[in-house]
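Notes follow once the structure below has been shown.
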Amino acid sequence: MSTELKKALYNISALADLGQAITSENDFHEKIQSVLYVITGTFLANKGALLFYDKPTKKLNTLTQKGFAPDDLNRLNPEELMSLGRNEPYLIGGDPVLAVAGAEILTPLWVRDEFIGALLLSGKLTVGPYTLEDLELLNVIANQIAIALNNHSLFMDLSDKLEENRRLYEEMRHIYHGTLQAFAAAIDAKDAYTKNHSHRVAKYSAAIARELGWDEHEIEGMYVAGYLHDVGKLAISNTLLNKVTPFTPEEREEIRKHSTLSHSITAKIKFPWKNVEDMVWHHHERLDGRGYPEALAQESLSDGVRILSLADSFDAMTSQRPYRKKMDVQSAIAELRKNLESQFDHKVMLVFCKVLDKEIKGELPEPDILPHLDRDSDLSVISALLEGIIVELSRP
Amino acid sequence: MKSVQFSVASRREGDAAIIYPKGYLNNLSGENLVIECGIYIGKGITKIVVNFSETDLINSIGISMLLQIIEDLKNIKGTICCTNMSKLLRDTFEMLGLMQHMLVFPVESDALTYLKTGKL
Ligand SMILES: [Fe+2]
Ligand SMILES: [Fe+2]
């Protein structure tokens, strides 16, 4: 694995650490303390501070800090921070006004039009300046912290803004997903032919899970597993992934390592969802035990694995690959049908057909699968095929 | 993922202190590691060996704790030696550029020999 990739993984797990710190059962002070540690640990900074803007007094209060002189932090003028931009890290450099506190990077925290406070960092231990990626990550983190702090103050006000709280929480999850998406884009970019594959597999899997009646949290976990199922491919050579001629047995072995790699990568990340690492690990297993990497069968395969396996195969079949043309949608569905019980799960297939059929009939307000299918598809033919399968699979 | 309750043990050998973190270094309880080192530093110890044989998982919070110890020792011109590190731990430290700020030895006894004699 390249250093860049390792760093990217470290950064993404830092986001998971942050989510964990914010949503933990700890009291507010402990949460803030953990949040600061996550940030200083991620940016290798010896000094860090989180300041909260108290509107009535128009003063910045230090929530927690390490390494700064308290008097220096008190000298910061909130008005000046507000003008710096929203949740955008600002490199202080020689700025005479802001240099007072001895910070190197200052990020003003905002939620919509409200100034919440500031995050200060300084004393980077390792050589080399902060990179663009570091600053982007800091921006994502700042957004999350701003929302968490705002939620807290809303809560303290005992305000009737519960609804707003809920919306802000949604926004926070959105940001988290944004980062995962960026990561999935990195996976898909490696292999020109699998463009957006992770994105589509995430969507398809979540749609199936929803139709199965999973709760929102579980659906989200399914979605994340879809995004990251092929993350192990980042560690496999581009030349091999984009090869046009058929793979040799050795090459096939090499490619097959990706699901185990996906597992070891995701296992290091402390996700708020259960089983993400299990799902990515076993997405190439088969019900008959002829899959890989562990040749698991039947009961050993969780519902999540079964969903991911079907969604992944369906997208693989309906996308062009370097070594073969893509299949039309009907043929892909027929192929799934043909491999029921040996490879794909009966119940999952039934549910998949139901969602797709509903989407085609316009019964779902936000279709997840249909928008990604070949535009030349004959929807009435597909729908008829799906109806047939649904009747057949619904028989006791 | 289960998290293992984190604890710290330590002992003194000559003019060095050996610290044994145990469990995942991934939450606030990692502060105990900083506190434990701080106690020895307070007693005038400048050589600290951290034996990682029972810690194979570290996250950003743990890294932050380690930065603190590195900084505390730097301020008194002390030495930090890390030993018995898993590959994952070594890789993480290397990727973050922490290796330049510490001495790394395969096992504890190597570190102690080095601290005593100045050579390997
Ligand atoms: Fe795969
Ligand atoms: Fe895939």
* Structure fact -> The one condition A:Ser319 fails out of (1) open to solvent by less than 30 Å² (accessible area, probe 1.4 Å); (2) away from ligand 1 (no atom under 13 Å from the Cβ); (3) farther than 30 Å from A:Tyr10 by Cβ is (2)
* Quick one: in segment A:273-289, which of the residues that are free of Cβ contacts under 8 Å to residues at least 40 places away in the same chain and away from every other protein chain (no Cβ under 14 Å) is farthest from ligand 2 (Cβ to nearest atom)? -> A:Gly289
* Asked: Of the numbered conditions (1) under 28 Å from A:Lys354 (Cβ atoms); (2) touching a helix residue (DSSP H, G or I) at 6+ places or on another chain (Cβ under 9 Å); (3) open to solvent by 70 Å² or more (accessible area, probe 1.4 Å), A:Met222 satisfies every one except a single condition; which is it?
  -> (3)
* Asked: Looking at (1) surrounded by fewer than 20 Cβ atoms within 10 Å (Cβ to Cβ); (2) polar (S, T, N, Q); (3) modelled with pLDDT of 85 or more, which is the only condition A:Asn87 fails?
  -> (1)
* Tally the residues that are within 14 Å of ligand 2 (Cβ to nearest atom) and modelled with pLDDT of 85 or more, restricting the search to segment A:213-239. => 6
* When B:Val34 is evaluated against the numbered criteria (1) within 11 Å of the chain's Cα centre (by Cα); (2) open to solvent by 50 Å² or more (accessible area, probe 1.4 Å); (3) among the β-branched types (Val, Ile, Thr), which criterion, by number, is the only one it fails? -> (2)
* Unique match (being open to solvent by 50 Å² or more (accessible area, probe 1.4 Å), β-branched (Val, Ile, Thr), in contact (Cβ under 8 Å) with a residue 24 or more places away in the chain and within 15 Å of ligand 1 (Cβ to nearest atom)) among A:Thr260, A:Thr266 -> A:Thr260
* Selection within segment B:52-86 - open to solvent by 10 Å² or more (accessible area, probe 1.4 Å) and either polar (S, T, N, Q) or over 29 Å from A:Leu137 (Cβ atoms) (or both) -> B:Ser53, B:Glu54, B:Asn59, B:Gln68, B:Asn75, B:Ile76, B:Lys77, B:Gly78, B:Thr79, B:Asn84, B:Ser86
* To do: Report, by residue number, each residue of segment A:275-305 that is in contact with a His (Cβ under 9 Å, 6 or more places away or on another chain) and of a type in the set (D, E, K, R).
  => A:Glu277, A:Asp278, A:Glu294
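With A:Ile369, A:Ile390 as the choices, which residue is modelled with pLDDT of 95 or more and within 21 Å of A:His197 (Cα to Cα)?
Numbers: A:Ile390 fails: within 21 Å of A:His197 (Cα to Cα).
Only one candidate qualifies: A:Ile369.
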* Looking for whichever is at pLDDT 95 or above and more than 26 Å from A:Lys124 (Cβ to Cβ) here; the options are B:Ser3, B:Ser10. Which one fits? => B:Ser10
* Given the conditions (1) open to solvent by 10 Å² or more (accessible area, probe 1.4 Å); (2) touching a helix residue (DSSP H, G or I) at 6+ places or on another chain (Cβ under 6 Å), report the number of the one that B:Ser7 does not fulfil. => (2)
* Structure fact -> All conditions in (1) in contact (Cβ under 8 Å) with a residue 12 or more places away in the chain; (2) open to solvent by 10 Å² or more (accessible area, probe 1.4 Å) are true of A:Val355 except (2)
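Within segment B:58-114, which residues are among the aromatic types (Phe, Trp, Tyr) and under 28 Å from A:Ser34 (Cβ atoms)? Full working, then the answer.
From segment B:58-114, those among the aromatic types (Phe, Trp, Tyr) are B:93, B:105, B:114; that's our starting set.
Result: B:Phe93, single match.
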* Structure fact -> Condition set exposed (fewer than 14 other Cβ atoms within 10 Å of the Cβ) and of a type in the set (A, V, I, L, M), scope segment B:87-120, selection modelled with the highest pLDDT: answer is B:Val107
* **Of residues in segment A:44-60 being farther than 22 Å from A:Glu30 by Cβ and away from chain B (no Cβ under 14 Å), the one least open to solvent (accessible area, probe 1.4 Å)** => A:Thr57
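Tell me which helices (runs of 4 or more DSSP H) are completely within segment B:39-120 and hold 1 or more residues being within 14 Å of another protein chain (Cβ to nearest Cβ) and of a type in the set (A, V, I, L, M), or say none if there are none.
Numbers: elements: B:60-75, B:87-95, B:108-117.
Result: B:60-75, B:87-95.
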* Asked: In the list A:Asp374, A:Asp368, which residue meets the criterion of being crowded, with 16+ Cβ neighbours inside 10 Å and either within 16 Å of ligand 1 (Cβ to nearest atom) or touching a residue at least 24 places away in the same chain (Cβ under 8 Å) (or both)?
  -> A:Asp368
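The values are calculated or read from the model by the stated rules, or taken from the named source; none is laboratory data. Computed from a predicted structure; not experimentally measured. Here Cβ is always computed from backbone atoms with ideal geometry, including for glycine, and neighbour counts include all displayed protein chains. Just so you know, the surface numbers come from the protein's heavy atoms only, side chains and all, with ligands and any DNA or RNA stripped out. Shrake-Rupley method; radii C 1.70, N 1.55, O 1.52, S 1.80 Å.
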